[in-house]
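*Asks:* Sending over a structure as structure tokens; questions will come in a sec.
The values are calculated or read from the model by the stated rules, or taken from the named source; none is laboratory data. Bear in mind the structure is a predicted one, so any value in this text is a computation, not a measurement. Cβ atoms come from the backbone with ideal geometry, glycine included; neighbour counts cover every protein chain shown.
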Amino acid sequence: MGRPALAGGPMSSAKILLPAPRVATEQEIRDVVVAQPRRGLPELIERALAASGALLRGHFGLQVGKHTEYFIRFRALARDPEVLDAIAGHLLATVVVPPDAVILVPESAGYFLGEAIRARADSGATLAVARTDIERRPARSLLHGAIPAGRPVVVVNDVVTTGASLEPLLDLVGDAGATVAAALVFGALDGTGFRAMLGRRRIAGDHLVEAGPAWAVLEPERCAACAAGHLPLVPAAELN
Ligand SMILES: [Zn+2]
């Protein structure tokens, strides 16, 4: 059979969607996801990704406009309360959540991580939820909760690329006259870019996993799937 033939005429240059994304294999998980070398963490991540089917392989458009072959559905990982609590524990190992802190999350899968961090920190911290826009990017306004002036705020999200999607949340903290105490994410695909963003903003932060060399995050012009005429699934955040 081979590739489906495209009819000639005005549709001949049309791009086609690939088959639905599939769950990545255990080998693919090992090949592309790099966990920080902390005790027990790589094993936890590998086991949790395999059990949940949270790592997908396909052709995805990220919020930052880049394309990628893999996508982590954090919501699938977060369905296991023990895994979610362990992830929160690893993020809290490097950051202290002050008792009067506000934990700021977007109204997307990052919410589940923020709530797990709030529960695990057990410090009296409260949760505030930012709106997300139509493409499920965090927006610069609150949906729920409050950020009182002067309070320390821990910004939490599930998976970012460089952390650019966190910037509206960081700005929201500034708008409220509060201070960012830390930015915590499960994954930063571009770990170097994420650390650079934190450095520019002079804030503490942490991430547990990033994309390894075998996980390409590319400009659309350099994307092999696009070159083969396949449309990306955008915005990939819809999968969460
Ligand atoms: Zn592409």
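*Asks:* Does segment 186-210 hold any residues that are among the hydrophobic types (A, V, I, L, M, F, W, C), in contact with an Asp or Glu (Cβ under 7 Å, 6 or more places away or on another chain) and either closer than 25 Å to P98 by Cβ or in a helix (DSSP H, G or I) (or both), and which are they? Lay out the reasoning, then the answer.
*Replies:* Within segment 186-210, the first condition is being among the hydrophobic types (A, V, I, L, M, F, W, C), and the residues that meet it are 186, 188-189, 194, 196-198, 203-204, 208-209.
Retained after the next criterion (residues that are in contact with an Asp or Glu (Cβ under 7 Å, 6 or more places away or on another chain)): 186, 188-189.
Selection gives F186, A188.
*Asks:* Hey, I134 hits all of (1) surrounded by 14 or more Cβ atoms within 10 Å (Cβ to Cβ); (2) within 20 Å of F71 (Cβ to Cβ); (3) away from the ligand (no atom under 16 Å from the Cβ) but one; which does it fall short on?
*Replies:* All conditions pass for I134, except number (1).
*Asks:* Going residue by residue through segment 149-156, is there one that turns out to be within 22 Å of A54 (Cβ to Cβ), modelled with pLDDT of 95 or more, outside any helix (DSSP H, G or I) and of a type outside the set (A, V, I, L, M, F, W, C)?
*Replies:* No, segment 149-156 contains no residue that is within 22 Å of A54 (Cβ to Cβ), modelled with pLDDT of 95 or more, outside any helix (DSSP H, G or I) and of a type outside the set (A, V, I, L, M, F, W, C).
*Asks:* Report, ordered by the first and then the second residue, all pairs with beta carbons closer than 7 Å, sequence separation of six or more or different chains, a first member in segment 28-47 that is in a helix (DSSP H, G or I), and a second member that is among the β-branched types (V, I, T) and at pLDDT 95 or above.
*Replies:* Once the first residue is in a helix (DSSP H, G or I) and sits in segment 28-47, its partners that are among the β-branched types (V, I, T) and at pLDDT 95 or above give I45/V33; I45/V209; E46/I29.
*Asks:* Sticking with this one: Any idea how many residues of segment 44-70 are within 16 Å of the ligand (Cβ to nearest atom) and surrounded by 20 or more Cβ atoms within 10 Å (Cβ to Cβ)? Walk me through how you get there before you give the answer.
*Replies:* Here is the first cut: in segment 44-70, the residues within 16 Å of the ligand (Cβ to nearest atom) are 56-70.
Restricting the remaining residues to those that are surrounded by 20 or more Cβ atoms within 10 Å (Cβ to Cβ) gives 56, 58-62, 66-70.
Summing the residues that are within 16 Å of the ligand (Cβ to nearest atom) and surrounded by 20 or more Cβ atoms within 10 Å (Cβ to Cβ) in segment 44-70 gives 11.
*Asks:* Quick one: how many residues across segment 211-225 are out of contact with any Pro (no Cβ under 9 Å at 6 or more places or on another chain) and part of a helix (DSSP H, G or I)? Quick ask: steps written out before the conclusion?
*Replies:* Within segment 211-225, the first condition is being out of contact with any Pro (no Cβ under 9 Å at 6 or more places or on another chain), and the residues that meet it are 211-219, 221-222, 224.
Narrowing the set further to residues that are part of a helix (DSSP H, G or I) leaves 221-222, 224.
The qualifying residues number 3.
*Asks:* Let me ask something else. Taking only segment 121-141 into account, find how many residues are under 16 Å from V102 (Cβ atoms) and not in a strand (DSSP E or B).
*Replies:* Selection size over segment 121-141: 5.
*Asks:* Does A211 meet the test of being away from the ligand (no atom under 16 Å from the Cβ) and either at pLDDT 95 or above or more than 13 Å from the chain's Cα centre (by Cα) (or both)?
*Replies:* Working: away from the ligand (no atom under 16 Å from the Cβ): no; either at pLDDT 95 or above or more than 13 Å from the chain's Cα centre (by Cα) (or both): yes.
No.
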